[in-house]
Amino acid sequence: MLRPAAAYSAGKARDPKAAAALLGAVAEAGGNQELKAAYAAFLTLGPTMRISLLSSIEILDNQPLVTDLGEVIEKDLRMLAPRGQAAIARERLEGWWWPRVCKALMANPAESISVLEVEGKLDDIRDGLKRDVLVADQEHVDPTTDEIADYEGRPFVRQLKVIGVGETRIEYAKRDYYRAFTQRSKWVREHLVFDGEIAKYELTLIEEWQPRFQQIRDKIGDRKKTDEGCRQAGQELYSWVEADARFPFRTVSQRFLTVGSYHILANDLRVGWHPDYETACVAEEV
């Protein structure tokens, strides 16, 4: 009775009037007590209003349950998304669709959403999931208070304290560490990075750090090595990381990823800022 007009064969058509009579009988019988309020609301409408209401409703029967909808959408998206990324494509499509529907419904007059607009969004999602494209979505995510507190005793924080970095910059460092760590972990979970790709990126960072680190060691020399001189040299090297070190990970060149990845390396003592960072960091811990 209330299917879309195109669903009916020749000689049959929608019949809101018959549907109103049927639903009125059901409401008056009141069999389902959980729908008591809905029955009452429907019965308060006059016959003309009931038919008008049902005329604006289309029933799409034999459709998937809400609990199965995600799987159905992912199945349809498998030809669009790279292997193993149908779930990500669905999440991005749903993330765009629900706000877009709300905007269309709230517009006055109500808007329609064209097939071309949906196809355009699907093209964007497909392009964003290409193997050579990475999306950095952790750039403005902040760690919780507990996570900040947990970082306090980590080697990368001790390294900064050894060279006299101020507390505010240390807070920035914790934030960059968190963002880089969560971003890289997310890419790994979603199978967006190749085997060994992160290790290769870290090797690039280390090899960029090595000559600069040796420069500060040569600059201060053994004879002039004082605590203050070492701190100043370490500050100079770390300032390069903060302000100038920008090495892209494939297509991603955001600051937080390079700086945060350096802190991840510093946390494992694979890089450092103080000329004697390995021993100085241990001394600081004690």
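Every number here is computed from the coordinates shown, using simple stated rules; none is lab data. Note that the coordinates shown come from a computational prediction; the quantities given were computed from them, not determined experimentally. For neighbour counting, all protein chains shown are included, and Cβ atoms are generated from backbone atoms with ideal geometry for every residue, glycine included.
Compute log10 of I(q)/I(0) for region 98-177 with the Debye formula, placing one identical point scatterer on every Cα and leaving out solvent, at q = 0.17, 0.19, 0.25 Å⁻¹, to two decimals.
-0.79, -0.87, -1.13
If I histogram all Cα-Cα distances within region 145-285 using bins 10 Å wide from 0, what percent of pairs lands in each bin?
Per 10 Å bin, starting at 0, the Cα pair percentages come out as 12, 43, 33, 11, 2, 0.
Can you tell which of 120, 229, 11 shows the greatest fluctuation in a Gaussian network model of the chain with Cα springs below 10 Å?
The residue with the greatest mean-square fluctuation here is 11.
Find, among the trypsin sites (Lys or Arg not before Pro) in region 193-251, those assigned to loop by DSSP (not H, G, I, E, B) with at most 10 other beta-carbon atoms within 10 angstrom. Display every interim value, and only then the final one.
Working: sites: 200, 212, 217, 219, 223, 224, 225, 231, 246, 250; in loops: 223, 224, 225, 246, 250.
Of the trypsin sites (Lys or Arg not before Pro), the ones in loops of region 193-251 whose Cβ has at most 10 other Cβ atoms within 10 Å are 223, 224.
Please go through the residue pairs 75/186; 121/174; 186/225 and name each one whose alpha carbons sit more than 32 Å apart in this structure.
121/174; 186/225
So which DSSP H runs in the chain come out at 15 Å plus along the axis (Cα) with average Kyte-Doolittle of at least 0.0?
Helices meeting the criterion: 16-29, 66-77, 255-267.
Just one of [x] 24.6; [y] 19.3; [z] 20.9 is Kirkwood radius over Cα pairs in Å calculated from these coordinates, so which is it?
So the structure-derived entry is [x].
What is the chain's relative contact order, in percent, from Cα pairs under 8 angstrom and six or more apart in sequence?
Rounded, it is 18 percent for the chain.
Write down, largest first, the equivalent ellipsoid semi-axes of region 5-55 in whole Å, where each equals the square root of 5 times an eigenvalue of the alpha-carbon gyration tensor.
The equivalent ellipsoid of region 5-55 has semi-axes of 25, 12, 8 Å.
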